[in-house]
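Worksheet for the structure shown next.
What follows draws every value from the coordinates through simple rules; no lab data is involved. What you see is a predicted model; the values in this text were computed from it and never measured. Using ideal geometry, Cβ is built from the backbone for each residue, glycine included, and neighbour counts are taken over all protein chains shown.
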Amino acid sequence: VAKPIYLDYAAATPVDPAVLKAMQPFWRDDFYNPSATYLAAQKVGKDLQAARARVAACLGARPTEIIFTAGGTESVNLAINGVMQKYSKAKMLVSAIEHDAVLKTAIQFNHAVVPVTGKGVVDVAELVKMVDDQTVLVSVMYVNNEIGTIQPLRQIGQALATIRRERLAKGNKLPLYFHSDASQAPNYLDVHVNSLGVDLLTLNGGKIYGPKQSGLLFVKAGIELAPQVLGGGQENGLRSGTENVAFAVGLATALELVQKQRPTEVKRLQSLQQDFVRGLQKAVTNVQITAEKAPKLPNNVHITIPGVDNERLIMQLDEAGIMAAAGSACSASNDEPSHVLRAIGISEKEAQSSVRFTMGQGTTAADIKLTISTVASLVK
Ligand SMILES: Cc1ncc(COP(=O)(O)O)c(C=O)c1O
């Protein structure tokens, strides 16, 4: 039997063997509670702080600005609930293509949704217009998980900095924080917080060849958040509970590795992406490439094949040994049409004919060639 072809790296990534190795000591040998006082436990505490310093270095942040969490969803919840519970009368903005972790959390508060262009990129001029004197938080993802489009964080960060200055000049002391869910970004993009202009940044270990349920929130020094998990006061009092040192070390190792491999991986995947798109355009009549002209991650190929039932195609591909996604696997129920596709003007009917392929470290040119011919033969 041929090796299965996995093309759903946006849903989950396998843990890098080097990450597994780095986590190994913390299950049995170095299992101690990092807050305990004997020497053996202090060493574990030091390993935890070293992991914090390592991720901070990848972000150009201070170790004290890093809060370890149990994944992307939790980090997003901490950022949004953390700010909005402190400023309960204030308002927040989210983009129309955020992950449900952001959208469902924002719904609890006074919020407005910023539209995106047909290319799947946030309309910055519109966003700026929507910020008013009551706005305390803006949340825009770095990269969309379904269609792979890269959002103009630097531009948004700069625009918000201008608004902040104008506000202060008017005597309005309400802060204006910028959060970004960067769950899908680190494999292919720079994540230095200063150059992005963010105040809060979510990272997700499960998408970067680290463990699922590992993650972090960068919280810029001086920002006060409402704590979300009460107890022993770990993680700066924001999310109590004995720290998962293995996962913190795993996350740090994963982040360092993907950042180091980034330049070569980007080049390699850009070329595969081009072959993938050209191959499909040649072999499949009427195939549409989603957000083809937009700034996009090199691992994403999102397509619509009019008239094709995507659920059926996904099942047939699976039978042929190819794993892909119809919509986002990041939500447990896939029944509703994708809000992301709707936001970029794709009809419900077209959305039911769309498939997401996301490539990663294991993807080869042969995989792509076989996927193109399999899709072509299935939709004939
Ligand atoms: C952009 C984005 N944000 C948040 C999440 C949620 O991450 P998790 O389910 O690992 O908490 C995901 C993926 O599931 C994602 O792609």
**Prompt:** Cross-link partners among aspartates and glutamates for residue 380, C-alpha distance below 19 Å, same-chain residues fewer than 8 apart left out?
**Reply:** 309, 311, 318, 319, 350
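How much length is gained if the chain between residue 240 and residue 132 is pulled fully straight, taking 0.36 nm per residue apart and subtracting their Cα-Cα distance, in nm to one decimal?
Numbers: separation 108, 0.36 × 108 = 38.88 nm, distance 3.42 nm.
Gain on stretching residue 240 to residue 132: 35.5 nm.
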**Prompt:** For the chain, what relative contact order do you get, as a whole percent, if you take Cα pairs closer than 8 Å and at least 6 residues apart?
**Reply:** 23 percent
**Message:** Springs between alpha-carbon pairs under 10 angstrom, Gaussian network model over the chain: which of 366, 53, 320 fluctuates most?
**Reply:** 366
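Among rounded, prolate and oblate, which fits the chain when a ≥ b ≥ c are the square roots of the eigenvalues of its C-alpha gyration tensor, a/c under 1.5 means rounded, and a/b larger than b/c means prolate?
Values: a/c = 2.11, a/b = 1.25, b/c = 1.68.
Cα axes put the chain in the oblate bin.
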**Of all DSSP beta bridges in the chain, antiparallel share, percent nearest 5** = 55 percent
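If the only charges are +1 at each Lys and Arg Cβ and -1 at each Asp and Glu Cβ, what is the size of the charge dipole of the chain around the Cα centre, to the nearest 20 debye?
Numbers: 38 positive and 34 negative charges, 180 e Å.
Around 860 debye, computed over the chain.
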**Tilt relative to the chain, helix 365-379 - C-alpha long axis, 0 to 90 degrees, to 10** = 60 degrees
**Asked** Which percent, nearest 5, of DSSP beta bridges in region 149-285 are antiparallel?
**Response** 55 percent
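What is region 168-276 by shape, rounded, prolate or oblate, if you read a ≥ b ≥ c off the alpha carbon gyration tensor as root eigenvalues and call it rounded for a/c under 1.5, prolate for a/b larger than b/c, and oblate otherwise?
Details: a/c = 3.11, a/b = 1.37, b/c = 2.27.
It is oblate, given that a/c is not under 1.5 and a/b is not larger than b/c.
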**Item:** region 154-217 shape via C-alpha gyration tensor axes, a/c threshold 1.5
**Value:** prolate
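Kindly rank 357-363, 285-291 from highest to lowest mean number of other beta carbons found within 10 Å of each residue. Before the final figure, lay out each step's value.
On the way: 357-363: 21.6, 285-291: 17.9.
Packing proxy ranking, top to bottom: 357-363, 285-291.
Would you compute, from DSSP H runs of 4+ residues alone, the mean residue ellipticity of the chain at 222 nm, taking -39500 (n - 2.57) per run and dividing by the full residue count, rounded to the nearest 500?
Calculated at 222 nm, the ellipticity per residue is -12500 deg cm²/dmol.
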**Prompt:** Rounded to the nearest 0.05, what FRET efficiency do residue 169 and residue 36 have when you use their Cβ-Cβ distance and R0 = 41 Å?
**Reply:** 0.20
**Message:** Between region 1-22 and region 219-271, how far is it from one alpha carbon centroid to the other, in angstrom?
**Reply:** 20 Å
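First select every other residue whose beta carbon is under 15 angstrom from the beta carbon of residue 41; then total the charges, Lys and Arg +1, Asp and Glu -1. Provide the component values of the computation, followed by the final result.
Values: positive: 28, 43, 46; negative: 29, 30, 47, 243.
Here the charged neighbours net out to -1.
Ranked highest first by the average count of other Cβ atoms within 10 Å around their residues, in what order do 125-134, 188-197, 212-221 fall? Don't skip to the end; give the middle numbers.
Details: 125-134: 13.9, 188-197: 17.3, 212-221: 22.6.
Going from most to least packed, we get 212-221, 188-197, 125-134.
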